[in-house]
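Single-structure report; data block below.
Only the coordinates and a few stated rules stand behind these numbers; no lab work does. Remember, predicted model here, so these are calculated numbers, not experimental data. Note that we place each Cβ from the backbone using ideal geometry, even for glycine, and neighbour counts take in every protein chain shown.
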Amino acid sequence: MGTPAMIFSLAGTLALFAWVALTISLFVRPTRRWIWPATQYIVPGLIAIAYAFLWWGGRGAYDDGGFGSIPEVRAWFADDHLLTAGWIHYLAFDLFIGTWMVRDAVSRNLSPLLVVPCLPLTFLFGPLGLLLWFGVRAAQLAFGRDD
């Protein structure tokens with residue numbers, strides 16, 4: 001499958017291209033037909049496959065690690081396979097959420113300019129971008145623009 005460093009690099013590059021395409025889809029309607037399935041299912045699915053291989057490759061670290069405490073999580077992430085799996089976990093989920101935000105905005109006829117700031121924030125800092133999106137949606141509801 002490849003080394004953790006190679007998978008890290010490939011997954012990051014693939015995610016970056018997907019985020020750029022997703023942003024373009026806000027402004028270029030015909031691209032939505034192929035971009036949205038790619039950014040919501042295909043790219044996260046490919047990253048999920050890499051994730052599975054990385055977890056399998058890091059199975060030797062299972063004895064010391066776990067989810068019960070910070071030291072257990074740190075022990076898992078001391079292994080490059082599991083550290084990379086943890087990172088690409090974010091890439092897959094954040095892209096899925098970003099696509100949901102874009103689709104939601106388009107279905108509500110929101111200006112792309114309201115969505116664009118949410119996308120890089122979601123790509124880079126996940127929950128902060130989602131929080132900003134919740135703010136945009138709350139403002140839309142407060143001002144009676146929920147179609």
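When you restrict to C-alpha pairs under 8 Å that are six or more residues apart and normalise by the size of the chain, the relative contact order lands at 24 percent. Multiplying the residue separation of residue 140 and residue 48 by 0.36 nm and removing their Cα-Cα distance gives an extension gain of 29.8 nm. Between helix 43-57 and the chain there is an angle of about 10 degrees, using the helix long axis and the longest principal axis of the Cα atoms. The helix-only estimate of mean residue ellipticity at 222 nm for the chain, built from DSSP H runs of length n ≥ 4 each weighted as -39500 (n - 2.57), is -24000 deg cm²/dmol after division by the residue total.
When the Gaussian network model of the chain links Cα atoms closer than 10 Å, the mean-square fluctuations of 21, 78, 92 top out at 78. In terms of its Cα atoms, the chain spans 54, 32, 17 Å along the principal axes, sorted from long to short. The slack in the chain from residue 10 to residue 100, taken as 0.36 nm per residue of separation less the alpha-carbon distance, amounts to 30.1 nm. Model label sites at residue 72 and residue 109, defined 7 Å from Cα along the beta-carbon direction, differ in position by 5.1 nm.
Cβ-Cβ distance of residue 59 and residue 32, R₀ of 41 Å, FRET efficiency by 1/(1 + (r/R0)^6): the value works out to about 0.55.
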